[in-house]
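Student: Quick one: structure below, then a few questions.
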Amino acid sequence: MDRTPQDLADALAAQFAAAGYGRVEPPVLQPADVFLDLSGEDIRARMFVTTDAAGREWALRPEYTIPVARAYLASPGAAEPAALSYGGPVFRLRAGESGEFWQAGIESYGRPDIEAADAEVLALAHEAVLAMGLSQPEIRLGDVGLFTALLDGLALPPVRVRQLRRAYAQGQLAAALAADMGGPATGAGGEHAGLLRAVQGQDPRAARAFVEDVLNIAGISTVGGRSAAEIAERFLARAEADAEGGVSPEAVAVLRRFAAIAGDPDAASAQMRALAAEARLDLSRVLDAFDARTGFIAARGVDVTTLAFSAAFGRNLDYYTGVVFEIRDGRRRAGGPGADVKPVVGGGRYDGLIQTLGASHPIPAVGCSIWLDRLAGATL
């Protein structure tokens, strides 16, 4: 008998409860602005949004991480470590797939043993999909914290850092580095070049008002959930990019070498340490944490030689700060070109999110989500 997403959610809830993760179920209807502010570009055009009588926008929850974090923050135990699980429907426009689908997952809050908590969440996700019948799970790893430390060490112009972080999150880092990084971020012949030159060096308030006036004259009030003021801010950031200039050839070379690093975690660590030494960058703290996490993953019974780390691998949500990972169905990948290789599990560390949502201080947090429709299809 085929298992429904509800069946899988209940089975996973029992498995996670045995590991100490209590089940929560945050409301389906959530404030839309929280996701627009925190989840990145990818989520904006894919949410189901409505407006209440007071004009406030609400969304059917497009994912669980932020709703569970909000529920944790509102709970009496918000100052204490917590291990929570969930399972239910989420709502997001997906090409070729239903806009309503089920997810289950776990979130771990407040643990100071960062690397051990990362390893636990990854291992529990791995054990869960194996228990549900995924016979050939493939685990892919990245590390936002490591990439951030590299950018900090290279001391790049802030606008270039933002540009590279966006490309990294979207899986386009190699393509971004293949472009000309030595000149301005927007060339004189680029889109809106004349207007960009007109606002460079102007008083920020006057320039912002000017751009807003141009948008209002054109009848543009919102684009993709952004107001005219927000669009103006992004436009001025592009002008700032021209003023700040580009990235040195030496820094570009380091970034390209970093983006090419891949392999199992131990091999990748050796490559990254060699690169840091040659580039005279102190990445010892983050690399020591990277190696410690690998050790904890191995201690949880996962064969680390089978893990696929890629320095260029990120996940397209803005709140990640540390390890990121996905688990895919290896049988479908083996199907060759055109095979369905969408992730069955996705997760990572997001230490700044709880404070952004209102906590008085940063709270360590790591978690993952399992797409139950994909898991059901992968285990037939």
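The values are calculated or read from the model by the stated rules, or taken from the named source; none is laboratory data. For clarity, every value in this text was computed on a predicted model and none was experimentally measured. Ideal geometry is used to build each Cβ from the backbone, glycine not excepted, and the neighbour counts take in all protein chains shown.
Student: Could you run through segment 143-165 and say how many residues are within 11 Å of G322 (Cα to Cα) and not β-branched (V, I, T)?
Tutor: 5
Student: Restricted to segment 83-101, and to residues that are of a type in the set (G, A, S) and in contact (Cβ under 8 Å) with a residue 60 or more places away in the chain, which residue is nearest to F48 (Cα to Cα)?
Tutor: Among those residues, the one meeting the criterion is S98.
Student: So, one more: Can you say whether L29 is touching a Phe, Trp or Tyr at 6+ places or on another chain (Cβ under 6 Å), modelled with pLDDT of 95 or more and surrounded by fewer than 17 Cβ atoms within 10 Å (Cβ to Cβ), as far as the supplied structure shows?
Tutor: It is true that L29 is touching a Phe, Trp or Tyr at 6+ places or on another chain (Cβ under 6 Å), modelled with pLDDT of 95 or more and surrounded by fewer than 17 Cβ atoms within 10 Å (Cβ to Cβ).
Student: Filter segment 32-61 for residues that are surrounded by 12 or more Cβ atoms within 10 Å (Cβ to Cβ) and of a type in the set (D, E, K, R) and give the result.
Tutor: Matches in segment 32-61: D33, D37, E41, D42, R44, R46, E57, R61.
Student: With the structure loaded, tell me whether F309 is in contact with a strand residue (DSSP E or B) (Cβ under 6 Å, 6 or more places away or on another chain) and not in a loop (DSSP other than H, G, I, E, B) or whether it fails that test.
Tutor: yes
Student: Let me ask you something else. Name, by its number, the condition in (1) assigned by TED's automatic domain parsing to the domain that holds D113; (2) free of Cβ contacts under 8 Å to residues at least 60 places away in the same chain; (3) not small (G, A, S) that does not hold for E250.
Tutor: (1)
Student: In addition: Within the group A69, A104, A128, A45, which residue is farther than 25 Å from D143 by Cα and out of contact with any Lys or Arg (no Cβ under 9 Å at 6 or more places or on another chain)?
Tutor: Just one listed residue meets the conditions, A45.
Student: Testing G20 on (1) in contact with a helix residue (DSSP H, G or I) (Cβ under 8 Å, 6 or more places away or on another chain); (2) assigned to a loop (DSSP other than H, G, I, E, B); (3) not hydrophobic (A, V, I, L, M, F, W, C), one condition comes back false. Which one is that?
Tutor: (1)
Student: Hey, can you tell me all the residues within segment 82-119 that are closer than 16 Å to P265 by Cβ and not hydrophobic (A, V, I, L, M, F, W, C)?
Tutor: E115, D118, listed by residue number.
Student: Let me ask something additional. Could you please let me know if G171 is modelled with pLDDT under 90, within 17 Å of D318 (Cβ to Cβ) and part of a loop (DSSP other than H, G, I, E, B)? Step through it out loud before you land on a result.
Tutor: Values: modelled with pLDDT under 90: yes; within 17 Å of D318 (Cβ to Cβ): yes; part of a loop (DSSP other than H, G, I, E, B): yes.
Spelling it out, G171 is indeed modelled with pLDDT under 90, within 17 Å of D318 (Cβ to Cβ) and part of a loop (DSSP other than H, G, I, E, B).
Student: Condition first: more than 12 Å from the chain's Cα centre (by Cα), among the β-branched types (V, I, T) and at pLDDT 95 or above. Now tell me which residues in segment 310-353 satisfy that.
Tutor: I327, V344, V345
Student: If you scan segment 344-373, which residues turn out to be among the polar types (S, T, N, Q) and in contact with a Pro (Cβ under 6 Å, 6 or more places away or on another chain)?
Tutor: Restricting attention to segment 344-373, the residues satisfying the condition of being among the polar types (S, T, N, Q) are 355-356, 360, 369.
Across segment 344-373, the qualifying residue is only Q355.
Student: Filter segment 128-157 for residues that are in a helix (DSSP H, G or I) and under 20 Å from the mean Cα position of the chain (by Cα) and give the result.
Tutor: Scanning segment 128-157 gives V144, G145, L146, F147, T148, A149, L150, L151, D152.
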